[in-house]
Amino acid sequence: MMSTALLFTILNLLGTFVFGLSGAMVAIRRHFDIFGILVLAVATGVAGGILRDVLLGAVPPEVLTTVWPMAVACLAGICAFFFKPLIDRFTRPVMLLDAIGLGVFAVAGCRKAMILGLEPAGAILLGVITAIGGGILRDMMAAEVPRVLHEEVYALAAFVGAAAYVGLIWLGVAEIAAASIAVVLAVGLRLASVRFGWSLPRATKG
Amino acid sequence: MMSTALLFTILNLLGTFVFGLSGAMVAIRRHFDIFGILVLAVATGVAGGILRDVLLGAVPPEVLTTVWPMAVACLAGICAFFFKPLIDRFTRPVMLLDAIGLGVFAVAGCRKAMILGLEPAGAILLGVITAIGGGILRDMMAAEVPRVLHEEVYALAAFVGAAAYVGLIWLGVAEIAAASIAVVLAVGLRLASVRFGWSLPRATKG
Amino acid sequence: MMSTALLFTILNLLGTFVFGLSGAMVAIRRHFDIFGILVLAVATGVAGGILRDVLLGAVPPEVLTTVWPMAVACLAGICAFFFKPLIDRFTRPVMLLDAIGLGVFAVAGCRKAMILGLEPAGAILLGVITAIGGGILRDMMAAEVPRVLHEEVYALAAFVGAAAYVGLIWLGVAEIAAASIAVVLAVGLRLASVRFGWSLPRATKG
């Protein structure tokens with residue numbers, strides 16, 4: 001049976017790839033050159049994990065000590081460069097992968113924080129930061145307001161995933177089951193919010 | 001008599017609340033949903049302290065190991081969400097609280113840096129970073145030029161507060177007196193600059 | 001004969017000065033006041049090195065423990081403030097100095113990462129981050145898309161410099177020779193790209 005660590009490694013790389021893809025698409029829309037595309041793909045794909053490791057004091061961050069995350073993010077940039085029109089036609093699968101990336105990063109960030117001894121509240125916050133950090137940096141580097149701040153139920157899905165993981169572990173659920181349920185919850189919430197056009201209340205502008 | 005540590009804890013939470021409020025107001029103006037408002041409130045309220053602790057190697061940062069700063073920043077976001085029109089009418093008290101937050105964060109950041117062994121110049125820089133970091137992130141996330149860079153005597157007030165604290169400690173003044181005087185100086189300078197429309201020279205555009 | 005460490009210290013300060021100059025010029029163009037100019041000069045000059053040290057766990061960062069980088073960056077801000085029209089007339093020397101700063105930061109960042117035990121891929125990435133981090137922060141604080149993402153062969157020059165350094169060290173070349181060759185390569189590539197209008201391919205907008 002697959003170990004939790006291996007499963008997380010694979011899902012993390014998948015999340016890095018999808019986030020890298022989203023960074024590259026923004027870079028292409030902004031008409032950056034191929035190296036700018038790679039830089040934004042890498043930044044989007046690995047920033048969340050770097051931020052997580054720096055905040056946990058786990059430096060140098062994983063991303064700098066193993067070559068895979070960077071390689072995967074670069075690959076995403078190259079794919080986007082050559083197959084942009086194709087990717088554009090598959091907005092639905094890309095959106096699904098992005099939701100998976102969001103859920104996986106939230107739960108993986110939260111899990112690592114708990115392993116390194118953080119309390120539940122801090123661990124959940126760290127999960128959210130890991131999940132949304134890359135996308136925030138991507139949009140800030142494109143001089144745009146980060147989409148996670150005004151898109152339907154995006155940061156909230158990361159929060160729910162991280163909180164569910166903490167809750168399930170606290171209830172004594174096995175790690176791999178807790179992680180799977182939490183990721184599915186986050187992904188499901190995100191997809192449902194897009195599918196049904198859910199949105200959270202806004203303040204009246206006064 | 002109240003200990004310096006307790007006083008700083010209370011003032012820090014007050015600063016976090018006010019900075020959280022300012023982040024939430026920007027988010028509301030930008031028409032973010034309630035979760036986006038909370039994210040920007042938390043980011044603005046705690047970013048300075050996180051940056052301080054990361055730069056000092058005091059990780060995981062205080063903010064992630066105790067629940068209060070996050071709770072207070074969230075509370076600020078919720079208050080802003082429900083009472084925006086009310087808060088708008090009290091620009092003067094909010095501005096006063098913001099000035100207090102600025103002074104407290106500058107002095108508290110500087111103090112922590114000195115306790116952890118930094119030299120005066122580094123401690124002052126760290127105080128300024130702590131004080132203006134949250135506001136810079138807030139404006140960058142809203143895709144605006146950080147107000148601290150072009151507002152009247154804002155970063156300078158943080159600098160004066162931090163430098164005064166270092167100077168007074170060096171002169172042998174007791175910690176609590178030095179901190180109080182430094183905070184009052186920073187707050188006073190900030191308020192006076194707004195009241196009298198002081199501004200620093202600009203370069204000719206040439 | 002000059003030691004490698006001393007040479008790097010001098011070149012680092014030169015790079016900090018030039019990057020500080022570029023930050024100050026952006027601040028002046030944006031009509032910030034003198035303190036805003038200094039803040040942006042310091043942020044641009046030292047951000048790359050701070051990011052490098054934080055990622056390597058070498059905290060507090062060099063910049064906060066020695067007074068020179070900050071002093072040099074402030075000096076750059078003051079020079080820009082008083083001599084903006086003059087500096088504008090010398091775009092060519094400033095561009096040359098900026099290219100030197102880029103090459104030096106890339107190689108110095110890479111070298112420090114290797115000394116602290118990072119693998120080649122991580123060390124190269126760290127060199128690139130050190131070299132382009134300051135400029136990215138500068139443009140993000142000015143609410144602009146970072147120029148390094150869409151300018152001719154800028155981030156690529158940093159990458160080539162860092163990769164050349166790693167390769168030469170691996171080939172057994174002496175440190176000071178490897179560093180010199182790598183810096184010259186990065187600077188040469190950057191200057192040639194500007195001189196001959198080289199640019200990298202862009203994706204079709206599809």
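The values are calculated or read from the model by the stated rules, or taken from the named source; none is laboratory data. Predicted model only: the values in this text are computed from it and were never measured. Note that each Cβ is placed from the backbone with ideal geometry, even for glycine, and that neighbours are counted across all protein chains shown. Side chains are part of the model used for accessible areas, which takes the heavy atoms of the whole protein and leaves out ligands, DNA and RNA. Shrake-Rupley method; radii C 1.70, N 1.55, O 1.52, S 1.80 Å.
Could you give the size of the charge dipole of the range B:4-195 about its Cα centre, using +1 on the Cβ of each K and R and -1 on the Cβ of each D and E, expressed in debye and rounded to the nearest 20?
So the dipole magnitude of the range B:4-195 works out to roughly 340 debye.
To the nearest hundred square angstrom, how large is the accessible surface buried between C and B, total for both chains, probe 1.4 angstrom?
The C and B chains share an interface burying roughly 2500 Å².
To the nearest Å, what is the center-to-center distance of the range A:131-145 and the range C:159-191, using C-alpha atoms only?
32
Can you list which of the chymotrypsin sites (Phe, Trp or Tyr not before Pro) found in the range C:1-67 are DSSP loop residues with at most 14 other C-beta atoms within 10 Å?
Within the range C:1-67, no chymotrypsin sites (Phe, Trp or Tyr not before Pro) qualify (loop, at most 14 other Cβ atoms within 10 Å).
Average partner chain C-beta neighbours within 10 Å, per residue of B:48-55? Please report the intermediate quantities before stating the final value.
Details: counts 0, 0, 4, 2, 0, 3, 10, 8.
Per residue, the number of nearby Cβ atoms from other chains is 3 on average.
Once you wrap a convex hull around the alpha carbon atoms of the range C:4-195, what is its projected area averaged over all directions, in nm²?
Values: hull surface 40.1 nm².
Over all viewing directions, the range C:4-195 projects a mean Cα-hull area of 10.0 nm².
Could you give the C-alpha radius of gyration of the range C:150-192 expressed as a fraction of 2.2 N^0.38 Å, taking N as the number of residues it contains?
Cα-based Rg divided by the globular estimate yields 1.15.
Return the residues of the range C:170-206 for which accessible area with all protein chains present is lower than in the chain on its own by 30 Å² or more; set the probe to 1.4 Å and exclude ligands, DNA and RNA.
C:L200, C:P201, C:R202, C:A203, C:K205, C:G206
What part of the accessible area of chain C, given as a whole %, is carbon or sulfur when the probe is 1.4 angstrom?
On chain C, the fraction of accessible area on carbon and sulfur atoms equals 72 percent.
Counting only Cα, what are the radius of gyration and maximum Cα-Cα distance Dmax of the range A:16-129, in Å?
14.9, 45
Using Cα positions and a limit of under 15 Å, work out the aspartates and glutamates in reach of B:K112, with same-chain residues fewer than 8 apart set aside.
Within the straight-line limit of under 15 Å, B:K112 reaches these aspartates and glutamates: B:D53, B:E62, B:E175.
By average Cβ neighbour count within 10 Å, what is the ranking of B:56-67, C:39-50, A:70-81 from highest down? Don't skip to the end; give the middle numbers.
Numbers: B:56-67: 19.8, C:39-50: 28.1, A:70-81: 21.2.
Highest mean packing first, the order is C:39-50, A:70-81, B:56-67.
Let a ≥ b ≥ c be the square roots of the eigenvalues of the Cα gyration tensor of the range B:84-168; is it rounded (a/c under 1.5), or, if not, prolate (a/b larger than b/c) or oblate?
Verdict is prolate for the range B:84-168.
Specify, per residue and in Å³, the volume enclosed by the convex hull of the alpha carbon atoms belonging to the protein assembly as shown.
Numbers: hull volume 101.2 nm³, N = 618.
Expressed per residue, the convex hull around the Cα atoms of the protein assembly as shown is 164 Å³.
Leaving out ligands and nucleic acids, note down the accessible area per residue over the range B:81-197 with a 1.4 angstrom probe, in whole Å².
On a per-residue basis, the range B:81-197 sits at 40 Å².
Calculate for chain A the 222 nm mean residue ellipticity that helices alone would give, adding -39,500 (n - 2.57) per DSSP H run of length 4 or more and normalising by residue count, nearest 500 deg cm²/dmol.
Taken over chain A, the calculation gives -26500 deg cm²/dmol.
Picking from C:W68, C:L200, C:A131, whose Cα lies most toward the positive end of the charge dipole for chain C (charges on Cβ: Lys, Arg +1; Asp, Glu -1)?
Value computed over the given set: C:L200.
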